[in-house]
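S.K.: Structure provided below as structure tokens; questions to follow.
The values are calculated or read from the model by the stated rules, or taken from the named source; none is laboratory data. Quick caveat: nothing in here was measured; it's all calculated off a predicted structure. Glycine gets a Cβ as well: all are built from the backbone with ideal geometry, and neighbour counts include every protein chain shown. Ligands, DNA and RNA are excluded from the accessible area calculation, which covers all protein heavy atoms including side chains. Shrake-Rupley method; radii C 1.70, N 1.55, O 1.52, S 1.80 Å.
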Amino acid sequence: LLRERMLREAIEARAFVLHYQPQVSLQDGSLQGFEALVRWQHPVRGLVGPDDFIAFAESRGLISPIGRWVMHEACRQLKAWQDQGLARVPVAVNLSALEFRQRDMASEIAAVLQATGLEPQYLEIELTESVLMHEADQVLKALKDLKNLGVGISIDDFGTGYSSLNYLKRYPIHKLKIDRSFVSDTPSSTDDVAIVTAIIQMGHSLQLKTVAEGVETTAQRDMLQQLGCDLAQGFLVSEPMDAATALRWLARESAPTVTPDKPACGQ
Ligand code: C2E
Ligand code: MG
Ligand code: MG
């Protein structure tokens, strides 16, 4: 009960903050986007990560106000960076399965884009496979509406949910994010290398971009690059950073290149 009361107070006080983690091209290391990740600024515990409160918020019916704040703040921040003349890259926002089932996300997102002035091609939403398993017609309509709006759709933690590959052809999906659990033991685990290879190949055959999550070592990066994976996200490139640090990253990216050779990510 205490935890619930504190979370309610946090929502009231908007005691949340977004951190941004870059996604870079595996070809040339260039910044291709940010993922927005929410943190709770807890009065006693300091910054609390989403794994500690998102599921709890869902169970107490408190995910909507948090999700709404995240969506608005990510769009507002990105538009502010664009207005400062910084590099234009998209931001990805995570939506929980519950949010997607309970609300008309397409019209809500359209309203946020309108209010913040962010163009739809700069927003991506990340959904887990579990979203695609339920109430197929309603999900299909929402995803089609989002696609028509021009918003990108990524499947997060790909390979860990119910792997019904049916939805890959039925739904308008743009990106597959290969779950960190498959990346973390590569290249030493031959099983994981085989799974990652298969996901990248399948993604490309279906004209989907592939993003490797949790890339931590140069050996992983080199392997993914060789396999033709499009993008990398992980501590090798950068941990999620607060807005001020992300701004410095963006500013570096936006500066005119002095030498033609750009270092590849993580070098
Ligand atoms: P996710 O969407 O799969 O986000 C990636 C998580 O992996 C982030 O954890 C990130 O900090 C972590 N990570 C990134 N690179 C590495 C790496 O190289 N190594 C390791 N070990 N970890 C890495 P975080 O920020 O704690 O977020 C956890 C999850 O919480 C997210 O997983 C996402 O599912 C959820 N989440 C985050 N923000 C939101 C939000 O605004 N709304 C909702 N509904 N869920 C959110
Ligand atoms: Mg995500
Ligand atoms: Mg993920």
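S.K.: For the range 126-160, what are the residues that are among the small types (Gly, Ala, Ser) and buried (at least 18 other Cβ atoms within 10 Å of the Cβ)?
M.R.: 142, 152, 154, listed by residue number.
S.K.: Just for the range 77-130: of the residues that are part of a helix (DSSP H, G or I) and in contact with an Asp or Glu (Cβ under 6 Å, 6 or more places away or on another chain), which one is nearest to ligand 3 (Cβ to nearest atom)?
M.R.: 98
S.K.: Tell me which residues, restricted to the range 213-226, are among the small types (Gly, Ala, Ser) and either away from ligand 2 (no atom under 14 Å from the Cβ) or farther than 10 Å from residue 184 by Cα (or both).
M.R.: Hit for the range 213-226 is 219, nothing else.
S.K.: Then there is this: Just the residues that are within 17 Å of residue 234 (Cα to Cα) and open to solvent by 20 Å² or more (accessible area, probe 1.4 Å), please, taken from the range 30-49.
M.R.: Listed by number, the residues that qualify are 32, 37, 49.
S.K.: If you take the residues in the range 88-124 that are touching a Gly at 6+ places or on another chain (Cβ under 9 Å) and of a type in the set (Gly, Ala, Ser), which one is nearest to residue 22 (Cα to Cα)?
M.R.: So, considering only residues that are touching a Gly at 6+ places or on another chain (Cβ under 9 Å) and of a type in the set (Gly, Ala, Ser), the one nearest to residue 22 (Cα to Cα) is 92.
S.K.: Does the range 55-76 contain any residue that is within 16 Å of ligand 3 (Cβ to nearest atom) and in a loop (DSSP other than H, G, I, E, B)?
M.R.: No: zero hits.
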